[in-house]
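S.K.: Dumping the structure here so I can ask a few things about it.
The values are calculated or read from the model by the stated rules, or taken from the named source; none is laboratory data. Since we're looking at a predicted model, the values are computed, not measured. So basically every Cβ, Gly included, is an ideal-geometry build from the backbone, and we count neighbours across all protein chains shown.
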Amino acid sequence: MTIVLFTDFGSADPYVGQVKAALAAHAPGIPVLDLLNDAPDYDVEAAAHLLAALAPEFAPASVFLAVVDPGVGTARGAIVVEAEERRFVGPDNGLLSVVYQRSARRRCQAIVWRPARLSASFHGRDLFAPVAARLAAGTLPEGWLAPRERPEVLFDPAPLARVIYVDHYGNCVTGIPVRDVRADARLEVAGREIGFARVFGEANPGEPFWYENSCGLVEIALARGSAARGLGIGVGTAVALRGRPAAL
């Protein structure tokens, strides 16, 4: 059993370490993997699509602690979603809704337990971490969860035609699965059209292009440079593919 972290807590701040301390206290010896702690700040919909694309790489028994939660401390709910045998713990703000809706085998439960210590601003450490840890360890007390028909907040699970993540190279990931487009399609972004390249070496230095990234999503790159800087784009930038839908 493994706990997988997907958060916007940042890699340079103490928050991830504090969450890991809570996980270790409730599930000593359970491995914790950092999938991403620099998910798009405040952009829950972008993070939801990114999580859905990344999750299938992990074993079915994995427990994801997923937190992008600008509404922390408000009346938004807390849930556990089971999708294709993976479990996801986090806020009921849409973050878990794309992976839930794309799954044929799915279940939703509300987290009804509350700890004695619950910071208004850090539910990742105080609420979600103990639940994720005990799920992974198989020690979740009876009564911590209650049946729920579905998540309250549901984003559209269809492809998201905008940039959802920018890596440190400046490559810009979109929410569009490559299976929905042709290799001869042109991608329109920031007022210009760019073509497809299979790998970086097929593009001329300084030339922007789109390609299939390792998660099967359309990604925008600039050969030997930063697409984000070169094209002036970032998370939230709209994109459009010009071409007939078909398998790549």
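S.K.: V98: farther than 18 Å from A27 by Cα, assigned by TED's automatic domain parsing to the domain that holds L65 and touching a His at 6+ places or on another chain (Cβ under 6 Å), yes or no?
M.R.: yes
S.K.: Determine which member of the set L65, L51, L5 is part of a helix (DSSP H, G or I), in contact (Cβ under 8 Å) with a residue 12 or more places away in the chain and buried (at least 20 other Cβ atoms within 10 Å of the Cβ).
M.R.: On inspection, the qualifying residue turns out to be L51.
S.K.: What pairs come up if the first residue lies in the stretch 89-100 and is surrounded by fewer than 24 Cβ atoms within 10 Å (Cβ to Cβ), the second is assigned to a helix (DSSP H, G or I), and their beta carbons are under 7 Å apart, counting only those six or more places apart or on different chains?
M.R.: Listed pairs, sorted by first residue: G94/V44; G94/E45; G94/A48.
S.K.: Related question: Hey, among the residues in the stretch 19-48 that are of a type in the set (V, I, T) and not in a loop (DSSP other than H, G, I, E, B), which one's nearest to L127 (Cα to Cα)?
M.R.: Once the filter is applied, the top-ranked residue is V19.
S.K.: Can you find a residue that is touching a Lys or Arg at 6+ places or on another chain (Cβ under 9 Å), outside the structural domain of G234 (by TED's automatic domain parsing) and hydroxyl-bearing (S, T, Y) anywhere in the stretch 47-64?
M.R.: Yes, the stretch 47-64 contains at least one residue that is touching a Lys or Arg at 6+ places or on another chain (Cβ under 9 Å), outside the structural domain of G234 (by TED's automatic domain parsing) and hydroxyl-bearing (S, T, Y).
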